[in-house]
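Laboratory data are not the source of any read-out in this text; all were calculated from the coordinates shown. From a predicted model like this one, the values you see are computed outputs, not experimental measurements. Cβ placement follows ideal geometry from the backbone for every residue including glycine, while neighbour counts extend to all protein chains displayed.
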Amino acid sequence: MELLRASLVLGISTAIRLGANLAVVKVIALVLGTEGLGQLGQFMSMIALVSALAGGGIALGVTRHVAEQQGGRGTGTPHLHAAAVIWLATGLLFAALLAIGAGPLSTWLLGTAAYAPVFWGMAACQFAIGATNLLSAVINGRQDVRGLAAAQTLSAIAGAALTTGLVAWAGLAGAMWGLLLGPSLAVLFVAARVRRKGYLQRGWLQGAQPRHYRDLLRYTGMVVVAVCTMPLAQVLLRTWQADALGWHQAGIWQGLVKLSDAWLQLGMLVLVSWYYPRVSQAATPQALHAHVRSTFLAFAALLVPAALAIWLLRDLVIRLLFTEDFRAMGDLMAAQLAGDVLRTLGSILGYIALAKARTRLYVGAEVFNAGTVLLLSHLLIPVLGPQGVPVAYFATFALYCAIGLAIYGRWHRRHVQGAAEQLPQSTPP
């Protein structure tokens, strides 16, 4: 029942955010076409990388420690102090790197140094994005689902309005500025929620010890691997497709990626906002297994019919969200949608490694996924053409999900079925 209530709140929020984001995708598709969307996809991957690392990549660690120590309003203060110091230090480092590398990055991603000013803007905006990440993590750790959903909804609407106007005004450059400035606005909404609820009390900027920094920086390592694997793999995949099949086909595939991001928003939001804090709090193998089992079964029951419905209505979906130039997406959608389902189900198991800070397990999974999709795509593009990357994507996450279930099954037999012989604090390997 609690999962259903959270899903309802997040579902309403996601529906509004989805409508706003799809309106932006539609405008971009109309103004820039397939080739423009393919090039913009390179910049989107860069934004995804910077957004994940902004603030030091410690947001999930903050959520975990706030959730574990939840009680009084002042709990978790040392970790929050450490998080603020890490945010400032990493922000200064990233700002310097982005400012110095603006020209080369623009040339590498977009084929020209003309967009270097956008990367200078990114150097400044990542401070706001990092603050958004950390404040959202505090709200999330407090399990304030409604507050987080409201803040994200308002920021999505504001960002969509800004991006749409900039795309219409300045084309590709406007789209880049909109996609950069939109996430930066979110800090206003999450900060307002944190202040109104009093989640940061006087004195929170003190008390950190070296161990508190170590606790959080473990998550930096995991996030660095995550953002240096799949997003960078997507950059390589677009480049390979552009070289072998042209930028038109790269744009078609980018349309598929955006469709995946759109329809999976609710599921990923439920995992981050509801499932992850509860897995972090689980003190016994039995409590952990109860959350994992119910969430896995609920997601499987919802995702499979949803993916099938999207596939059956693919022509209508493409006409509504894109343009006639994107009709070829329909031929690639089956493998992509199946891969989306498996990727999300695998993430339910992957969040256990995040919640329990199992660094090697999480890093190994991320490297495996990126490496496998690159290897299979490299082999399949010459054989299957446009189908190569979606088929590689599906095969990669079929393996990921199967391996995750095997590892979890072994842990379940050892720690849940044999609970009488295990310590209460046992956690997955």
Open item on the list: So for the chain, averaging the separation of alpha carbon pairs under 8 Å that are six or more residues apart and normalising by length, what relative contact order in percent results?
Closed with: 22 percent
Open item on the list: Counting C-alpha atoms alone, how compact is region 229-420: give Rg to one decimal and Dmax as a whole number, in angstrom.
Closed with: 18.0, 61
TODO: Take every Cα pair under 8 Å in region 339-415 that's 6+ residues apart, average their separations, divide by the length, and report that relative contact order as a whole percent.
DONE: 43 percent
TODO: Mind computing the radius of gyration and Dmax over the alpha-carbon atoms of region 1-209? Å is fine for both.
DONE: 18.2, 53
Task: region 1-209, relative contact order in percent, only Cα pairs under 8 angstrom and at least six apart counted - done: 31 percent
Open item on the list: Based on Cα coordinates alone, diagonalise the gyration tensor for region 142-255, multiply each eigenvalue by 5, take square roots, and list the semi-axes in whole Å, largest first.
Closed with: 35, 24, 11
Task: Euclidean distance of C-alpha centroids, region 243-280 and region 305-319, integer Å - done: 16 Å
Task: Solvent-free Debye scattering, log10 I(q)/I(0), computed from the Cα coordinates of region 315-377 at q = 0.19, 0.27 Å⁻¹ - done: -0.82, -1.11
Open item on the list: Under a crude label model (7 Å from the Cα following the beta-carbon direction), how far is Gln286 from Ala89 in nanometres?
Closed with: 4.2 nm
TODO: Largest first and to the nearest Å, give the Cα extent of the chain along each principal axis.
DONE: 58, 45, 35
Task: Among Ala395, Ala298, Ala335, residue whose mean-square fluctuation peaks in a GNM of the chain (springs only between Cα atoms under 10 Å) - done: Ala298
Task: Whole-Hz couplings from phi, Karplus 6.51/-1.76/1.60, listed for region 114-129; x for Gly and Pro - done: 5, 9, 3, x, 5, 6, 5, x, 4, 4, 7, 5, 5, 5, 5, 5
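Compactness ratio of region 98-146: Cα Rg over 2.2 N^0.38 Å, N = residue count? Write out the running numbers ahead of the final one.
On the way: Rg = 15.8 Å, N = 49, 2.2 N^0.38 = 9.7 Å.
Ratio of Rg to 2.2 N^0.38 Å for region 98-146: 1.63.
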- [ ] Just rank Cys228, Cys125, fewest to most, by other beta-carbon atoms within 10 angstrom.
- [x] Cys228, Cys125
